[in-house]
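The values are calculated or read from the model by the stated rules, or taken from the named source; none is laboratory data. Quantities reported herein were computed from a predicted structural model and do not represent experimental measurements. With ideal geometry, Cβ positions are generated from the backbone for all residues, glycine too; neighbour counts draw on all protein chains shown.
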Amino acid sequence: MTKTVLKNILQILIILIFNNFLAQKTPEKLPKNAVKDTISKKDTIVAKKETLDDVLRTKADDQRRDIPKKMTFLNKNAQVKYQDMQIDADYISIDDNKNLIYARGKQDSLGKIIEPVITTQAGKKYETNEFSYNTKTKQAIAFNARTEESEGVIIAQKTKKYNDTVFAMRNADYTTDDYFIKKKDTAADYFMRAYYIKLIKTKKKSQIVTGPIQMYIEKVPTPLYLPFAILPFSDKRAAGILIPSFGEREDVGFFLNGIGYYQPIGEHFDLKVLADIYTKGSWNVRPQMNYQKKYRYSGTFNADIGTMVRGIKGLDDYSRNSTYRINWSHSQDSKANPFLTFSASVDVVSTKFYNNPLNNNYIFNQNVLNTQQNSTVTLTKRFLKLPVTITGTASYSQNFATGFADLRLPQMNVAINQFYLFKSKTGVRQGLIENITVNTGFNLTNFVNTQENELFKKEMWDKMQTGLKNNISLATNTTLAKYFTFSLSANIDNALTTKTLNRYYDPVKNVTVDEINKNLTGFSTFTTTASLQTTLYGMMKFKKGSIVEAVRHMVTPSLGFSYSPDFSSPGFGYYRNYYNANGALTPYSIFEKGIVGSPSIGPVGALNFSIGNNIEMKVKSKSDSTGVKKVKIFESLNITGGYNFAAKDHPWSLFSINGQSSFFNSKLTVNTSLTLEPYKIAFNPGETTGIRTEQFGHFSVQGFNVQLSYPLSSEIFGEKTDYAKKYSSKGEVRNENYYFDDDNYARFDQSWTLNVNANYAYSKGLNRFGSKIASIGLDGSIKLTPYWNINGSTHYDLVTKELAYTRIGFSRDQRSFTINFNWVPFGQYKVYDFFIGIKANILSDALKYKDRSFTQPNAPF
C-alpha cells in the first residue's frame with residue numbers, strides 16, 4: 001500500500017468521526033431553518049443554504065481543481081453551463097468563495113484577444129474579451145462586449161449587467177452596418193459613439209438610452225452631436241421626443257428646426273407636433289397627423305402656421321409676414337363601400353407662403369414657382385338598381401399672381417347612364433333608329449371669384465353666383481356602302497342662373513358700367529351634326545434590291561356638317577345692345593359674366609373637314625429576324641378646317657395642321673403644330689393690332705410649335721460588356737464589387753443617361769409682332785462608381801440667352817446609409833442641401849444630418 005492511498009484513508013476516517021460527533025450534539029435551541037427528523041424527535045438536521053440555484057456543468061480540454069482555495073480552472077475549449085446561460089471561452093475560472101465565474105478569450109503571443117468569449121443566454125449571443133458573472137447576484141461585467149439588438153450591434157469598452165433587463169455600458173459604439181454585424185468587414189462604415197449607454201430589455205419592448213452621442217462616418221466624426229438619444233426596439237409605435245436639426249440662416253438667424261413630440265393615438269391615429277424656432281423672431285408650428293383603418297380609409301393632415309420675420313425692426317429691410325398652409329388628403333378603400341365613396345385633396349396656402357420657403361424641398365421640387373394651388377373634396381353616390389350617379393364636389397383654386405381665388409361650394413352633378421332609346425328587334429342593333437343613344441345629366445354650381453381676405457365674408461356672398469345646367473345628347477350611327485360610317489347627333493343645353501348683366505355707357509364718368517341684376521333667368525340652345533367618315537389605304541412598292549421595299553399611306557378623311565341658329569337675334573332675348581364711347585351700337589349677352597356661359601353669336605351652317613394621315617415604310621434590316629423593319633415617317637398628320645355657309649363675313653375658319661413622329665428606333669420624338677390664317681391681316685399706320693379683312697388666300701402663320709425629346713444613354717452608343725466573361729478576377733472595395741483586368745485596374749458598367757428636350761413656340765394672332773419662346777433642357781445622370789451617382793438638370797433660354805433653373809446633385813449609396821447633395825447655384829433661390837440618412841428602419845427618422853446655405857432654411861428634420 002502506497003503512502004498516498006494510506007493518506008486518503010486517514011482523511012476519510014477523520015471526516016467520518018467528525019461528522020458522527022456533530023450528529024450526536026443537540027443544540028439548545030433550534031434555528032429557524034432547522035428540519036425536524038420524523039423518526040427521532042431528539043435529532044435535528046440544519047439545512048445549509050446552497051450558493052447555486054442549479055447544477056453547474058463544466059468541460060474543457062484541461063481541468064484543474066484547487067480544493068483549499070475552492071477554485072476550478074478550465075483551459076482550452078472551456079465551457080460552463082448554468083441555468084439558461086452558456087459560456088464558451090479559451091480560459092474560465094470558477095471561484096466558489098466569491099460565487100464568481102471569469103472567462104477570457106484566446107490570446108496570441110502578445111496577449112491580444114484573437115477569439116472572443118461567447119456567452120449565450122435566453123437565445124441572445126454576446127461576444128466579449130473578458131467576462132465575469134456572479135452566480136449569487138446574477139450580475140455580470142464584460143470588457144469589449146459585442147451585443148446585437150434588433151437591426152444593430154453595440155460594442156462597449158465596459159458593460160455591466162445589473163439584471164436580465166438592465167445593462168449599463170461605457171465608451172460604446174452603436175451601428176446598423178449589416179456587413180460589420182455579419183463580420184464581413186472589421187470596421188463599420190458608420191457608428192454612433194456615446195460615453196454612457198443603458199440598454200433596457202423587457203418582454204414587450206427594448207430600448208437604448210444614451211447620454212451625449214456623436215455620429216462617425218468611416219471613423220471620421222461628423223457635426224451630428226446629440227445631447228441624448230432614445231432608440232426603441234419594438235414593432236409597436238412609441239411616443240417620444242423628436243430631435244431637431246440646427247443651423248444658421250442669414251436673414252432669420254440661428255434656428256432649431258423640427259423640435260417636437262410624437263404621440264401614437266390608439267390603433268388608427270398618430271400625431272407629430274413640430275416647431276421651428278429662429279433667434280430673430282421667426283417661428284413655425286407644424287402639426288402632422290396620420291390615420292388609417294384597414295379596408296376602410298386612410299389619410300394625412302399637415303399644417304404650417306407661423307410668422308416670418310426678416311431684417312431689424314425700425315429699418316427699411318424689416319418685414320413681418322404671417323404664413324400658413326393646410327394640407328389634407330383622404331382616400332377610401334374601394335372595398336369599404338362601392339356605392340358611396342369620399343375623397344379629399346385639400347392644399348390651402350397663404351399668398352406669401354411660397355415667397356417664404358422654410359423647406360429646401362420646396363426649391364428642389366420647384367414648388368416656389370407655383371402660381372396655382374387647387375383643392376377638391378368629392379362625395380360620390382351610386383345606386384344598385386338605378387342608373388344614376390350623384391357627385392358632390394367642393395373646390396378651391398388659388399392664383400398667387402393675381403391674388404384671387406375661385407371657390408365652388410357646393411357643386412353637384414347628377415349623371416344618368418347612357419341608354420338606348422329603342423329596343424333591338426333582332427338582338428343585334430342595326431340602322432339609325434336602333435342605335436340612338438341618350439346621355440343626360442344635371443350640374444348645379446355655386447361659384448365666386450374673390451380675394452383671400454374676403455373668404456366667407458359678406459363681400460364674398462354678395463358676389464356668389466348659382467347656376468344650373470342640363471345637357472341632353474342624342475347620337476346614332478350606321479354603316480353605308482360597307483366602307484363609310486355615317487353619324488348623327490343633337491345636343492340640347494338648358495341653363496338657369498341667378499344673376500344677369502345690364503351694361504351701359506356713363507358719359508359723365510366716361511366709363512362702361514356693368515350692373516349685376518339678381519333675378520332667375522335661363523336660356524336654351526341646340527346644335528345638330530352629321531358626319532361621314534372612311535379609311536383609305538395606299539401602297540407604293542419599289543423594285544427588288546432597293547433598300548426601301550414599300551411605303552404605306554393610310555388616310556382617314558372625315559366630313560361633318562353642323563347647324564345652330566343665331567341665338568343673338570332679338571327673338572331669343574339673350575342679347576341686348578348699348579351705345580359705346582364712340583356712339584356705336586354694340587351687342588352684349590346678359591349672361592356674359594355668369595357661370596353658365598353665353599349662347600353663341602351668329603348662325604352656324606358649317607361644313608368641317610378633317611384629314612388624318614399615317615405614313616410608314618418597310619426597309620431592309622439585317623438586325624431584324626424577318627429581314628425587314630417598319631419605319632414610321634408620320635405617326636399622325638392631321639389637317640382640319642371649316643366653312644360656315646351661314647356667316648355674313650369670314651366664312652372660312654383657321655386651318656390647323658398637327659403632326660407627330662419618331663425617329664432613330666422611336667428614340668427621337670417630334671410633336672409639331674401649325675395654325676394658318678386664310679384671310680389677310682391689315683394694320684393701320686402706327687397700330688400694332690391688325691384687322692381681319694375679307695381677302696382670302698394669304699395663309700399667314702398665326703402659330704407654330706415644335707417639341708423634340710431624345711433620351712441618350714450609354715446603352716445606345718455601346719454594347720453592354722459581360723465583365724464576368726471578359727475579366728476573371730473579381731474583388732470588392734468596401735461594398736462595391738469590381739472586376740479587375742490584368743493590370744489590376746477596376747472595371748465596371750459606368751452607365752449614364754442624358755435626356756435632351758427642345759421647345760420652340762411662335763404665336764402672332766392679330767399682333768404685328770409675334771412672340772416666341774425657345775429653350776433647350778438637359779436632364780441626366782452618370783455613375784462614377786457602382787454606388788456613386790451624379791445627376792442634374794438645366795434649361796437654357798434661347799431668346800434671353802440665359803440659363804434658367806439649374807440643379808446639380810450627387811448621391812452615394814453606402815452599405816447602411818445614403819448621402820445626397822443638391823445644389824441650385826444661381827437664380828432667385830440659391831441653396832445647397834446635404835443629407836445623410838440611415839437605412840435601418842429603427843434609425844431612418846432618428847439619425848439625419850443636414851447642412852444648409854444661409855439663403856434658405858433647412859428641410860424638416
(message) Here is a list: F526, F561, F567. Which entry is touching a residue at least 12 places away in the same chain (Cβ under 8 Å), on the phi < 0 side of the Ramachandran plot, part of a loop (DSSP other than H, G, I, E, B) and not basic (K, R)?
(response) F567
(request) Would you mind finding the one in S666, S662 that is within 28 Å of V555 (Cα to Cα), part of a strand (DSSP E or B), not acidic (D, E) and not assigned by TED's automatic domain parsing to the domain that holds N614? (result) S662
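Which residue is modelled with the lowest pLDDT, if the candidates are limited to the range 570-617 and must be of a type in the set (S, T, Y) and under 24 Å from A530 (Cβ atoms)?
The qualifying residue modelled with the lowest pLDDT is S600.
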(message) If I ask for residues that are assigned to a strand (DSSP E or B), of a type in the set (G, A, S) and over 28 Å from the mean Cα position of the chain (by Cα), which ones from the range 387-404 would you list?
(response) G392
(request) Select from the range 741-759 the residues that are assigned to a loop (DSSP other than H, G, I, E, B) and among the aromatic types (F, W, Y) and write down the one among them that is farthest from K726 (Cα to Cα). (result) Y745
(message) Conditions first: (1) modelled with pLDDT of 85 or more; (2) exposed (fewer than 15 other Cβ atoms within 10 Å of the Cβ); (3) among the aliphatic types (A, V, I, L, M). V448 passes all but one, so which condition is the exception?
(response) (2)
(message) Tell me the residue from S653, S610, S700 that is over 30 Å from E549 (Cβ atoms), in contact with a Ser or Thr (Cβ under 6 Å, 6 or more places away or on another chain) and either touching a residue at least 60 places away in the same chain (Cβ under 8 Å) or hydroxyl-bearing (S, T, Y) (or both), please.
(response) S610
(request) For the range 73-88, enumerate the residues that are buried (at least 20 other Cβ atoms within 10 Å of the Cβ) and without any contact (Cβ under 8 Å) to a residue 24 or more places away in the chain. (result) L74
(request) Can you run down the residue pairs with Cβ atoms below 6 Å, 6 or more apart or on separate chains, where the first is in the range 178-190 and farther than 20 Å from T222 by Cβ and the partner is at pLDDT 80 or above? (result) I181/V153
(message) When you check G602 against the structure, is it surrounded by 17 or more Cβ atoms within 10 Å (Cβ to Cβ) and in contact (Cβ under 8 Å) with a residue 40 or more places away in the chain, yes or no?
(response) no
(message) Looking at V508 and the list (1) part of a strand (DSSP E or B); (2) at pLDDT below 90, which single condition is not satisfied?
(response) (1)
(request) Please state which of the following conditions Y91 fails to meet, knowing it meets all the rest: (1) surrounded by 12 or more Cβ atoms within 10 Å (Cβ to Cβ); (2) over 57 Å from the mean Cα position of the chain (by Cα); (3) at pLDDT 85 or above; (4) not charged (D, E, K, R). (result) (2)
(message) So, Y216, is that one farther than 30 Å from R310 by Cβ, over 31 Å from the mean Cα position of the chain (by Cα) and either part of a loop (DSSP other than H, G, I, E, B) or at pLDDT 80 or above (or both) or not?
(response) no
(request) Report, by residue number, each residue of the range 301-323 that is exposed (fewer than 14 other Cβ atoms within 10 Å of the Cβ) and either within 25 Å of E452 (Cβ to Cβ) or not aliphatic (A, V, I, L, M) (or both). (result) K313, G314, D316, D317, Y318, S319, R320, S322
(request) Please name all residue pairs, on different chains or six or more residues apart, with Cβ atoms under 9 Å, provided the first residue is in the range 485-508 and is closer than 15 Å to I472 by Cβ and of a type in the set (D, E, K, R) and the second residue is at pLDDT below 90 and surrounded by fewer than 17 Cβ atoms within 10 Å (Cβ to Cβ). (result) D493/G597
(message) Looking only at the range 219-245, filter to residues that are over 30 Å from G266 (Cβ atoms) and not in a strand (DSSP E or B); which one of those is modelled with the lowest pLDDT?
(response) P227
(request) Determine if the range 197-205 includes at least one residue that is over 30 Å from N737 (Cα atoms) and within 34 Å of the chain's Cα centre (by Cα). (result) yes
(message) Any residue at all in the range 36-49 that's surrounded by fewer than 14 Cβ atoms within 10 Å (Cβ to Cβ), at pLDDT 90 or above and farther than 24 Å from K160 by Cβ?
(response) no
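Tell me, yes or no, whether the range 207-220 has at least one residue that is within 22 Å of D84 (Cα to Cα) and of a type in the set (G, A, S).
Among the residues of the range 207-220, not one is within 22 Å of D84 (Cα to Cα) and of a type in the set (G, A, S), which makes the answer no.
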(message) Being touching a residue at least 60 places away in the same chain (Cβ under 8 Å) and in a loop (DSSP other than H, G, I, E, B) is the filter here; which residues of the range 675-689 pass it?
(response) F683, E687, T688
(message) Looking at (1) surrounded by 16 or more Cβ atoms within 10 Å (Cβ to Cβ); (2) more than 24 Å from L585 (Cβ to Cβ), which one does T500 not meet, given that it meets all the others?
(response) (2)
(request) Starting from residues that are surrounded by 11 or more Cβ atoms within 10 Å (Cβ to Cβ) and farther than 14 Å from D96 by Cβ, keep the ones in the range 54-63 and report whichever is modelled with the lowest pLDDT. (result) D54
(request) Among the residues of the range 690-707, write down those that are crowded, with 16+ Cβ neighbours inside 10 Å and part of a strand (DSSP E or B). (result) Q702, G703, F704, N705, V706
(message) Tell me yes or no: at least one residue of the range 332-347 is out of contact with any Asp or Glu (no Cβ under 6 Å at 6 or more places or on another chain), surrounded by fewer than 16 Cβ atoms within 10 Å (Cβ to Cβ) and over 30 Å from L384 (Cα atoms).
(response) no
(message) The conditions are (1) surrounded by fewer than 17 Cβ atoms within 10 Å (Cβ to Cβ); (2) part of a strand (DSSP E or B); (3) among the small types (G, A, S), and A194 fails exactly one of them. Which is it?
(response) (1)
(message) Could you check the range 421-437 and list, in sequence order, the residues that are outside any helix (DSSP H, G or I) and exposed (fewer than 14 other Cβ atoms within 10 Å of the Cβ)?
(response) L421, F422, K423, S424, K425, T426, G427, V428, Q430
